Amino acid sequence: MANPFVHIELQTQDVERSDKFYSSLFDWKLVNDYDFKPDGDVAEGKAAAAELVQYFKADVPEVQLSLWLEDRDNPLHHYHVTVFDSLETFERVRKSDAIRRFVDRLFPHIAQSTYISPLTDVWLADGSGVKPVAYS
């Protein structure tokens, strides 16, 4: 990628107030990365993710964002970002049959899965101008 986006700096005269505002936008975030095995079925992993997103859409309106990314340089490396309205939503989803089905479908095909930044704070989220993307 020629000029990758790295970070953005916000200027403020009231750091405490800004921190409180930006950290309160969303309560719970989950960021995972997945490394598929060289012989893993990436298409099956994507299908499992698509099924999970359908569950979010149908049954969990409190999921604000479910973003799935594939590394351009390494198509076996994937990232998943989920933003929940609350800890209660996170716990409900974590204990759901949908998560069990997702894990059962995905995990045989991956070498590892890690939480790469479970303590991040969302400070800006805007979907305007972003085309919806769906796995087909």
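Points to keep in mind about this one:
- Verdict on residue 111 being assigned to a strand (DSSP E or B), at pLDDT 85 or above and small (Gly, Ala, Ser): yes
- Matching residues in region 36-58 - criterion: being farther than 12 Å from residue 110 by Cα and of a type in the set (Val, Ile, Thr): 53
- Count of residues meeting criterion [over 20 Å from residue 90 (Cα atoms), part of a helix (DSSP H, G or I) and not β-branched (Val, Ile, Thr)] in region 33-53: 5
- A single entry from 56, 21, 102 fulfils the requirement of being of a type in the set (Phe, Trp, Tyr) and either part of a strand (DSSP E or B) or modelled with pLDDT under 80 (or both): 21.
- Selection within region 37-53 - surrounded by 13 or more Cβ atoms within 10 Å (Cβ to Cβ), more than 20 Å from residue 97 (Cβ to Cβ) and not charged (D, E, K, R): 40, 42
- Number of positions in region 54-79 that are surrounded by fewer than 18 Cβ atoms within 10 Å (Cβ to Cβ), within 17 Å of residue 34 (Cα to Cα) and not acidic (Asp, Glu): 8
The values are calculated or read from the model by the stated rules, or taken from the named source; none is laboratory data. Given the structure is predicted, the values throughout are model-derived calculations rather than measurements. Backbone-built Cβ (ideal geometry, glycine too); neighbour counts: all protein chains shown.
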